[in-house]
Amino acid sequence: MSVQWDGSPPDRAGRGRADGGVRTDDAVRTERPEDGPGRLPAPRPGGRAEARRAARDRFVPVRPGRGGTAEGGRTATRSTRREAPREPRAEARGGGTGNGRRTAVPGSERDGRGGARRLIAWSVAGVMVALAGAGGAVYYKLNGNLRSFDADAISPDRPPESAADAHGNRPVNLLLIGSDSRAGKNSDLGGGDEAGARSDTTILLHVYADHRHAVGISIPRDALVTVPRCKLPNGKWTREQPGQMFNSAFSVGNSETGNPACTLNTVERLTGIRVDHTIEVNFEGFAAMTGAVGGVDVCLPNDIHEGNINPNLGRKGKVVLAKGRQRVSGQQALDYVRLRHGIGDDSDVGRMKRQQAFLASLLAKIKSKGLSPGTLLPLADAATRSMTVDPGLDSAAKLVDFALTLKAIDLHEVKFLTTPWRYSGARIDLVHPAVDTLWRTLQADRTIDGQDATGQQEAAGEPTPTPAPTPTPSTGPSPAVGTDGSPIRVTVYNATNAAGLAARAAETLRAARVTVAGTSSRGTARATTTVEYGTGQRAAAEKVAALFPGAAVAPGQAAGISLRLGRDYAAGGSAAPTATGPAGSPAPLPTEVVSEARSGDDDICSNVSYG
């Protein structure tokens, strides 16, 4: 992919004329500093004939690394060494000039238009080569900026890939992480001196299969979750850790740059959704990005002072961010998205609302400039200096190509919301079954208002035909089946000290038309719910796991499928299945969840605080 980094047109003096000549200025024009690769050189002195000779000399092939031409080693710039008097036209048409300069090629005056065409063709070719070279240099620079984490740091036990729609298009799940690492220049921007790194912001962006809708889900950093096994910098893997703050996953290994792969593993475990790509940007990169787009428009309901930004200051201080609408970049933009105190109830929930508003405003700014390489490359240059990505985005070409696939998304069709939550002392609990329904909504590639966004829906204004009712067999609804067509049979084990879990899980399975082979309270105590499967049963096990969000899928020693319930199930329960089972549409999201969603084109002053 070639990139036109400098697309400015050739100088007016180098344009061809209808009579076959080349327009020049009579006076000598000094070469300006901005006359660089990809632009025509300054016109030569000496009138039209001199310009013809200069053009001919200028495009004689030159050997790489040499300054001479193919004829006698003369340089192509010899005629510019001193100013010469203008030559009479008659002498220019003759064979010689008497001053040692090269004469016109005999017969060239018979086809002036051909000479002009050759000049233009060579000029265009030269510009294209220069631009391609500049584009290559830019991509080389961006590739040098990028860092990626190892593919083998991603858990081998992952949710299945998203299914394609009727047109062969797949949804894309992008994990966005804003880190608060204090490494390098980040300590100056972050205002802290703590070692290590944490995820300050995490958003799971689901781009629907039609690539016209998207929804970003903010995951509270204080939410208590299970952090699965993660790879350490020394190559070893940690043990599973239940009941941990979500943002602690990024800190696993206690490195200065953080552990984005562990956050990816945690999100997949929490949601049951396959993360296709991950992008982590630290303070420095975020500040540079806002400057690259010329600032981002934001709004605040009240003044914010120095003491709100840094509660340890001990005084109110001067106003840092003024009440009302304003454009911020750099440090001010960072202060806005990290702001927690002095507004609303001082909670992280309000901060997530402001982060969603900021991202919507940033997207609006980028789209207003146009999703072209000219817009994306400066933005990518700023971002990639402080960016870590997954192996699937580990080059500038991949990164820009992925960004261009999002250009058809309308701002109104970009939604932002926070996972259903409730306070639990100083922490946040995710609310079940609402949060499980949210994950199933994304797994089914449906919008948060329950609409089909897979590309299979009818065109606007055309009624959707109602299918003829299917007679129900007298023997009752058909059971859920595996890929081989045989009914799915599951044995349920309660591997916790909590009573009644096996019976509750069995009800969930039966409502989804899954056959329950038996229940038992026997089994090794475990923290995480796991669906174990025998030979050839993985696909069926994944269907069962979809009913228990966050459940792991692993090969077992016994034949068939076993559901082993862990402490996570005891704490949060499970989403109630829909009437149509695992393959059916998820239940509607609660009204209070949908009503809190933010559209990408909402007013920047609305819904920016909580409490």
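The values are calculated or read from the model by the stated rules, or taken from the named source; none is laboratory data. Computed from a prediction, not measured in an experiment: that's the story for all the values here. Cβ coordinates were reconstructed from backbone atoms using ideal geometry, including for glycine residues, and neighbour counts include every protein chain displayed. SASA here: full protein model, heavy atoms, side chains in, ligands and nucleic acids out. Shrake-Rupley method; radii C 1.70, N 1.55, O 1.52, S 1.80 Å.
Expected output is a single nm value to one decimal: the length gained when fully extending between R325 and T238, i.e. 0.36 nm times separation in residues minus the C-alpha distance. What is it? Contour length minus Cα-Cα distance gives 26.7 nm.
When the surface is traced with a 1.4 Å probe over the full set of protein chains, M245 keeps roughly 50 Å² accessible. What the phi angles of the stretch 504-520 give under the Karplus curve with 6.51, -1.76 and 1.60, with θ = phi - 60°, is a coupling list of 5, 5, 4, 4, 4, 5, 5, 5, 8, 6, 8, 7, 9, 6, x, 10, 7 Hz, glycine and proline written as x.
What is the calculated FRET efficiency for D345 to Q557, with r their C-beta to C-beta distance and R₀ = 56 Å, to the nearest 0.05? Here the calculated transfer efficiency is 0.65. With a simple spin-label model that places each label point 7 Å from the Cα along the Cα-to-Cβ direction, the separation between H412 and S521 comes to 5.7 nm. Restricted to Cα atoms, the stretch 245-325 shows a radius of gyration and a Dmax of 17.7, 46 angstrom. Between N310 and N169, the C-beta separation translates, for a Förster distance of 45 Å, into a calculated FRET efficiency of about 0.45. The order of the peptides 548-555, 561-568, 498-505 by mean Cβ neighbours within 10 Å, most packed first, is 561-568, 548-555, 498-505.
Evaluating 6.51 cos²θ - 1.76 cosθ + 1.60 at θ = phi - 60° for every residue in the stretch 527-533, the Karplus couplings come out as 8, 10, 5, 9, 9, 9, 9 Hz, glycine and proline recorded as x. With a 1.4 Å probe and all protein chains left in place, how much accessible area per residue does the stretch 295-395 have, in Å²? With all protein chains present, the stretch 295-395 gives 39 Å² per residue. Legend: residue pairs K141/K236; K318/K415; K369/K398; K367/K415; K316/K365, Cα-Cα distance threshold 23 Å; pairs beyond threshold, K141/K236; K318/K415; K316/K365. Computed on protein heavy atoms with a 1.4 Å probe, the accessible areas place F358, F286 in the order F286, F358, largest first.
If Lys and Arg each add +1 and Asp and Glu each add -1, what is the summed charge of the other residues whose beta carbon sits under 13 Å from the beta carbon of P159? The answer is +1.
Hey, any idea what % of the stretch 329-458's accessible area is carbon plus sulfur with a 1.4 Å probe? Solvent-exposed carbon and sulfur of the stretch 329-458 make up 51 percent of the total. Each peptide in 396-404, 348-356, 234-242 receives the mean, over its residues, of other Cβ atoms within 10 Å, and ordering these scores from highest gives 348-356, 396-404, 234-242. Taking Cβ atoms as reference points and 15 Å as the exclusive limit, the residues near V349 contribute a net charge of +1, counting Lys and Arg as +1 and Asp and Glu as -1.
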